[in-house]
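Accompanying notes for the structure given below.
Just so it is clear, none of the values below were taken in a lab; they were calculated from the coordinates. Computed from a prediction, not measured in an experiment: that's the story for all the values here.
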Amino acid sequence: MATPADTENAPAPDRRLRRHQRLTSAADFQDAYAQGKSGAARTLVMWLRHGPGSSLRLGVVASKVIGNAICRARAKRRLREAWRLNRDRFHGDVDVVLVARRSILTAPWQDVNDDLIRLAGKAGLLA
């Protein structure tokens, strides 16, 4: 049985989003779109990519429809943070592309998080 002292000294899970955990090639993004497996929520759209090299990597997109560069950067930061905090709940050999919608800029943080969890559940990514 774990004592409170044991849980205080337990290492925290590694929640960094390292380079090998991200989609970096344009071909991988295009492949995700071409496979056509997507789900939409109010704040984001989730595209899935199955195939060689898939290992729960993340790609993030915010188009100019979102707004200027500052708004796009904020939208991408929110998507990456939601993924980073929930990544240990996901499983599967699939790459994920998250596309921001304009409402992500004004939505409460909990809505963004809930949208990601709901779409991941529909996609079968939840452990």
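A compact table of results
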quantity	calculated
Rounded to 5, the percent of DSSP beta bridges in the chain classed as antiparallel	70
(1) 8.7; (2) 9.4; (3) 7.8, with the label sought being that of the calculated mean projected area of the Cα convex hull in nm²	(2)
Under Karplus coefficients 6.51, -1.76 and 1.60, residue-wise ³J(HN,Hα) of region 48-63 in Hz, glycine/proline x	10, 10, 9, x, x, x, 6, 7, 6, 8, 10, x, 10, 9, 9, 7
